[in-house]
Amino acid sequence: MAAFRAHEAHDSATHRQGKTAPFLATYVGLALCVAVPLVVVEATESAAPIQSWPWAIVSMVISGARFTWIIGSATRRLYELMTWLFFYIFLGLAPLVQLRLATDPGTTPNLLHQYDGTAWAIVLASEVCLIAGSSFGKRNASREIHEPRRRLSGSRATSVSMLLLLLSAAYIGLIGASNLLVNREARNLATESAVSDEALRTLLIAFVTVGLLVAVVSQYELFRRRRAAGVKAPIMLASGSTAILILLVNPFASARFILAVAILGLLAAGGFFRSMGRYRIAAVASVVGLVTVFPILDSFRRESSVLEQSNPLEDLLSGDFDGFGQIVNTAWSVDTFGLTWGLQLLGVALFFVPRALWPTKPVDTGILLAEQKGYVFQNLSAPLPAEAFINFGWPGVIIAMLAIGIVLRRADERNEAQMRVWGAPTVLGSVIPFYLIFLWRGSLLQAVANLAVIMLVWWLCTESTSRRSPSAASRRSGARPAPLLR
């Protein structure tokens, strides 16, 4: 009954807010697709801009229009929203500034711009295929919750949360509590000193950050469903887990992407996106935040860093926005060395295999490109279109982007169905959408460890729904779904 009232209240609010959506979408669309490109072109006058820069505006118009359409839609699409935010900033706005000023990012110098045409073709083909995939992935929309293959288990989620709290306490004991709020470099050194094995260290950090986040979100979901069912809903474990998560994932010592995933994940799980108005405001704010706040947070990386406001256009020349440059390098690599024919993807699939057992295990695609180019700094990105192209060429790009478009659309539909009834996304839907920017930016081998931990913790917190659940029967009878508790 409580879920039904929340659903009805949500529908009423959505109807009222839907009236303002076309106006907001119009203004956002004009800003992203017209005003921003014009302002950037005017502000980046160069004696010899690289001639491929107009294609950056094409990319901005496609991604900006899609982003605008998502904002104006009557449904919340967190997965697609983050995807198109990545394309607009990293593969549109940033390369426009770089090409107009004829300045390569400092981490990817000496780009061979004769490959810009191929790189832009990869980017634009990816955008078109993502949109097509989203269209193919559309199902007959309904307001009922899609029957999940796995559902949250109270006993499992509680056990996993307690285990991760113990693991977090052990991690704090290993590095020392004094290293929790230091700069990122100092905490990394403390972690390396405590855990020498790189693979074990990576997994440990993943479990006490994104893994703990999934456990916390699961506790929020349990609290919401128990309260709706009218049963006792204790909050001590959820509160304690949240406090530890905030302590471990803070602006001073945490990677910026993980910090963003934790903050947005907690907001989503707490019901922040229940309101369409808040969802749209957050969408617009994310564009500004990614250009301004994201580079500033890098000030906390080192002890000597000074927090100061910089020029957003200058920030877009930094290594944080090397995505297009790495696609250019990918086009050159394929032309020079040929395709890897899935070898890079195999390294991702078998990321858990120690290099000691597999000496020829592929390195990150970002590192591979850096080695081929002779770069000293090798911690570089490799966007998913570049990963697809270096593995299987044009068929890889087309098939991968179509498939991703389908998957994202269906994930958004499940999320929306959940939010219409419970006011918050699914457990995975509160975390993975905000991890997508890191996943899109790559390298995939770097990103897959955290993703694997997210999926593993979610799987441990849930149980199979192989047998027909009460909610399936309730849908056939037209009743509202009952809380799923075990």
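The values are calculated or read from the model by the stated rules, or taken from the named source; none is laboratory data. Treat the numbers as computed from the prediction; the structure is a model and nothing was measured. Glycine also receives a Cβ, built like all others from the backbone with ideal geometry; neighbour counts cover every protein chain displayed. Heads up: the accessible areas ignore ligands, DNA and RNA and are worked out on the full protein's heavy atoms, side chains in. Shrake-Rupley method; radii C 1.70, N 1.55, O 1.52, S 1.80 Å.
Worth a mention:
- In the chain, helices alone account for a calculated mean residue ellipticity at 222 nm of -20500 deg cm²/dmol, with every DSSP H run of four or more residues adding -39,500 (n - 2.57).
- Here the simple spin-label model places points 7 Å from the Cα toward Cβ, and for T75 and S178 these points are separated by 5.4 nm.
- Solvent-accessible area per residue for the chain (1.4 angstrom probe, square angstrom): 43
- Accessible-area composition of the chain, carbon plus sulfur, in percent [1.4 Å probe]: 65
- Scaling against 2.2 N^0.38 Å puts the C-alpha radius of gyration of the stretch 341-452 at 1.24.
- Taking amide hydrogens as placed 1.01 Å from N in the peptide plane, the amide H of T462 sits under 5 Å from those of S153, each at least 5 positions away in sequence or on another chain.
- Separation of alpha-carbon centers, the stretch 341-361 and the stretch 410-464, rounded to whole Å: 24
- Relative packing of peptides 352-360, 122-130 - highest average C-beta neighbours within 10 Å first: 122-130, 352-360
- Listed peptides 224-231, 257-264, 390-397 by packing density, highest first (mean Cβ within 10 Å): 257-264, 390-397, 224-231
- On full extension, the segment bounded by S318 and Q372 gains 17.4 nm, given 0.36 nm per residue less the C-alpha separation.
- Report note on the peptides 68-74, 415-421: ranked by the mean count of other C-beta atoms within 10 Å, highest first, their order is 415-421, 68-74.
- The Stokes-Einstein estimate for the chain, based on a Kirkwood radius over Cα pairs and taken at 10 °C with 1.306 mPa s viscosity, is a diffusion coefficient of 67 µm²/s.
- Simple spin-label estimate for A132 and F23 in nanometres, 7 Å along Cα-Cβ: 3.9
- Scalar couplings 3J(HN,Hα) for the stretch 311-323, obtained by applying the Karplus form with A = 6.51, B = -1.76, C = 1.60 to θ = phi - 60°, are 6, x, 5, 5, 4, 6, 8, 7, x, 4, 10, 8, x Hz; x denotes Gly and Pro.
- Cα long-axis angle, helix 54-72 against the chain (0 to 90 degrees, to the nearest 10): 10
- Taking the C-alpha atoms of the stretch 359-404, convex hull volume expressed per residue in Å³: 87
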